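What follows draws every value from the coordinates through simple rules; no lab data is involved. This one's a predicted model, so the numbers in the text were calculated from it and none came from an experiment. Note that each Cβ is placed from the backbone with ideal geometry, even for glycine, and that neighbours are counted across all protein chains shown.
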Amino acid sequence: MQQYISQLNEAQREPVLQKEGPMIIIAGAGSGKTRVLTLRIAYLMHQGVDAFNILSLTFTNKAAREMKNRIADIVGASEAKNLWMGTFHSIFAKILRSEADKLGYPSNFTIYDSQDSLRAISGIIKEMQLDKDIYKPKQILGRISSFKNSLITVKAYFNDPDLQEADAMAKRPRMGEIYQAYVDRCFKSGAMDFDDLLLKTNELLTRFPEVLARYQNRFRYILVDEYQDTNHSQYLIVRALSDKFQNICVVGDDAQSIYAFRGANINNILNFQKDYQGVQTYRLEQNYRSTRNIVEAANTVMDHNKTKLDKVVWTANDFGPKIKVHRSLTDAEEGRFVASTIFEQKMQHQLNNGHFAILYRTNAQSRAMEDALRKRDIPYRIYGGLSFYQRKEIKDVLCYLRLVINPKDEEALVRVINYPARGIGDTTIEKLTVAANHYKRSIFEIMQNIDRIDLKLNSGTKQKLQDFVTMIQSFQVINENQDAFYLTDHVSKKTGLVQELKKDATPEGMAKIQNIEELLNGIKDFTEGQKEVDGARGSLSEFLEDVALATDLDKDTSDEDRVALMTIHLAKGLEFPHVFVVGMEEDLFPSAMSMSTRSELEEERRLFYVALTRAEHQAYLTYAQSRYRWGKLTDSEPSRFIEEIDGQYLEYLTPAETNYRFKPMVDKDIFGDVDKSKLRLSKPVSSTPPKYITDNQPKPEAAIRKLKPVSSQASSGATNLFDNQLTAGNIVMHERFGRGQVINLEGAGADKKAEIKFEVGGIKKLLLRFAKLEVIG
DNA sequence: CCAATACAGGGGGCT
DNA sequence: CCTGTATTGG
């Protein structure tokens with residue numbers, strides 16, 4: 001333990017050593033906050049705190065998983081096992097499931113994603129016969145979401161004349177009714193949306209003091225990462241839970257608050273000192289990630305914001321190359337610049353694709369980048385956008401599965417009841433919905449009793465409805481006897497989904513079938529992992545919950561070497577040696593929608609700060625003079641953010657448009673001052689010793705590991721002990737299965753599996769990610 | 001009453 | 001460009 005702590009600098013060490021009481025860590029970009037959080041938890045456990053009593057809330061599940069792995073390395077896997085770590089949403093979804101009956105929900109409640117919510121709202125607006133141009137579903141949903149995040153229930157809404165007045169002014173006097181109808185509809189469907197997971201947790205903790213007391217006593221030590229991006233609802237949960245013991249440690253950086261648009265309240269971090277008695281404040285200001293050029297340039301950007309905490313980020317790193325600014329004529333050309341620069345840099349400096357990231361403001365910008373990268377044969381991976389699970393064909397399968405778990409789930413039902421087409425059209429669904437509302441039952445229940453209700457349906461339609469019910473019920477039987485993989489395979493065939501897709505012989509159609517196969521693989525992995533964790537069969541409902549709350553980042557597809565493409569929002573917390581921030585244009589970044597108020601513009605600026613500080617060595621800012629937006633070519637001006645950077649940190653490439661493509665983008669010796677060891681070249685081309693890497697520096701591998709956490713090339717101190725050390729022939733000891741011998745290894749990274757022959761129980765395939773193995777020979 | 005095709009309108013970041 | 005709605009044909 002001591003050896004880990006001694007590797008910290010003083011500012012990092014203090015918060016690790018403070019065991020009790022409220023504390024806030026203001027952590028600048030790249031200052032090693034994850035390290036501090038990790039060690040703080042490990043040290044708590046080292047001092048005898050039971051893992052059971054620690055709650056750690058992170059921003060992504062991936063971050064939680066990585067931290068847990070690191071902690072396991074320090075204190076041991078069996079100790080770390082009981083830690084509660086995860087996002088607000090996933091942790092409280094778990095708690096809500098076990099307490100659901102108190103709130104009148106079934107414990108198998110569905111979690112609606114924003115697509116489901118939007119469809120529900122659209123349906124309500126249609127049923128109420130309102131004009132969807134005035135009652136725009138997206139805006140309505142956004143408003144309901146902000147109500148929920150501020151704990152304004154329907155009742156509270158109708159008790160607040162100001163709110164109603166505001167909606168009346170916006171020509172939406174029936175807002176409250178829609179809110180009511182939406183809440184009713186979700187409740188009737190046994191469903192919670194994302195905001196409900198927090199809202200209902202608050203309801204649980206306020207309405208049931210004994211429940212609150214139970215969780216207060218359980219979570220004696222609470223840690224919250226990315227505190228600047230918590231909303232009011234999350235804030236109240238944290239306050240309530242930490243109220244008894246006051247052992248609350250929050251970490252954040254006001255300069256990186258980028259989620260105000262979805263209700264994050266920057267005041268939560270700005271006012272923390274007022275909220276608790278005797279708050280200790282710590283500041284991590286030394287940046288270990290980026291060159292001095294980048295750190296100082298980013299600081300000059302933030303100087304333009306008025307609202308901020310007093311903090312100076314500095315670094316002892318080398319100056320490094322200047323930030324390169326590039327202009328092109330069109331977005332396509334911008335893409336070509338990026339692709340050819342990556343190509344040349346890879347050649348000249350023997351870099352991997354994984355050293356590069358392309359960050360943009362909006363997902364739509366990825367297309368031009370993709371085209372260019374494809375032409376250069378540069379492998380890439382897009383993060384975010386339409387996530388895998390949101391794709392139509394996948395969501396269709398998932399909705400059938402959701403119905404199996406919770407037949408009341410109305411959004412799932414209306415989505416798949418007539419897909420593939422089985423002759424149940426809008427009119428029939430309309431009749432069913434009316435009946436469901438009348439009898440205050442779910443549509444599925446109406447369908448089950450279709451013979452007892454006169455809905456003026458003709459007998460053919462009735463039969464079709466009954467067939468559908470019978471089909472779902474047969475799936476439910478299978479679900480009781482088989483694992484999720486078998487069921488999903490069965491469902492995709494029996495419903496005719498796969499058949500329907502096979503009709504489409506286009507490449508897109510083929511891709512859809514492949515996607516379903518990928519889903520099946522994912523479920524297979526999951527069920528095996530679950531078997532490993534619980535000793536139970538892989539439960540479908542847990543899989544669905546994982547899926548509903550998964551981020552695209554959470555999915556470790558492979559450890560292939562690829563350029564990363566993602567929005568800046570998604571890049572928060574990540575780092576890359578080379579970063580391209582593309583589309584640096586007015587109206588795009590800053591976004592046209594956020595230039596009306598100062599605070600919105602400041603948020604955009606913080607977003608730019610986040611983008612810049614992702615870069616370890618080289619940042620590029622690129623913009624196009626015109627680009628295709630909404631199918632039309634539109635002119636644009638360079639972003640004001642470029643000008644806001646002090647000129648001394650910039651190098652304008654401004655090449656002659658005609659031939660820039662054929663020239664090297666950058667001078668050969670531009671990287672002369674770069675410490676090659678920090679780039680983690682696979683084959684070092686330079687023998688320059690690492691000048692500025694000292695003992696308390698985070699290891700440079702961290703950068704790569706963040707992208708590919710279980711990279712097979714991880715060096716000493718690898719996060720996953722077994723990933724690298726296990727070979728065929730090893731004798732291993734397993735917690736439950738006992739002694740066994742490794743027969744074979746397959747897969748890589750997160751999917752790496754070992755085939756092990758156990759003395760008792762025979763041959764099993766275990767995902768190394770989950771398996772608790774000890775190598776004994 | 002449902003399915004297939006033509007056409008118009010709208011498009012931000014995410015759990 | 002993609003989705004949601006109007007139209008027309010079965």
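What the table shows:
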item: The stretch A:405-491, dipole about Cα centre (Lys/Arg Cβ +1, Asp/Glu Cβ -1), debye to the nearest 20; result: 400
item: Cβ crowding within 10 Å averaged over residues, with A:146-154, A:1-9, A:482-490 ranked highest first; result: A:482-490, A:146-154, A:1-9
item: Cross-link pairs beyond the 23 Å C-alpha cut-off, checked among A:Lys408/A:Lys464; A:Lys68/A:Lys346; A:Lys395/A:Lys494; A:Lys126/A:Lys431; result: A:Lys68/A:Lys346
item: Listed peptides A:587-594, A:498-505 by packing density, highest first (mean Cβ within 10 Å); result: A:587-594, A:498-505
item: Rounded, prolate or oblate (a/c below 1.5 giving rounded, otherwise prolate when a/b exceeds b/c) for the stretch A:4-79 by Cα gyration tensor; result: rounded
item: Cβ-based charge dipole, the stretch A:553-627, positive-most Cα from A:Ala611, A:Phe576, A:Thr597; result: A:Thr597
item: Selected from A:His490, A:Leu432, A:Val477, residue furthest toward positive end of dipole (the stretch A:392-528; charges at beta carbon); result: A:Leu432
item: Charged-residue dipole, Cβ positions (Lys, Arg, Asp, Glu), the stretch A:320-472 about Cα centre, Debye nearest 20; result: 320
item: Cα-Cα separations in the stretch A:344-483 greater than 18 Å, expressed as whole percent; result: 67
item: Alpha carbon centroid spacing (whole Å) that separates the stretch A:10-24 from the stretch A:84-155; result: 37
item: Spatial separation of Cα centroids for the stretch A:357-424 and the stretch A:183-256, in angstrom; result: 30
item: Neighbourhood charge, 11 Å Cβ-Cβ cut-off, centred on A:Leu241 and excluding it, Lys, Arg +1 and Asp, Glu -1; result: +4
item: Ranked packing of A:445-454, A:318-327, A:160-169, A:602-611, most packed first, by mean Cβ within 10 Å; result: A:602-611, A:318-327, A:445-454, A:160-169
item: Above-threshold pairs, the threshold being 29 Å between Cα atoms, out of A:Lys324/A:Lys512; A:Lys33/A:Lys81; A:Lys148/A:Lys572; A:Lys148/A:Lys274; A:Lys311/A:Lys572; result: A:Lys324/A:Lys512
item: Dipole magnitude of the stretch A:278-322 about its Cα centre (Cβ charges: Lys, Arg +1; Asp, Glu -1), debye to nearest 20; result: 100
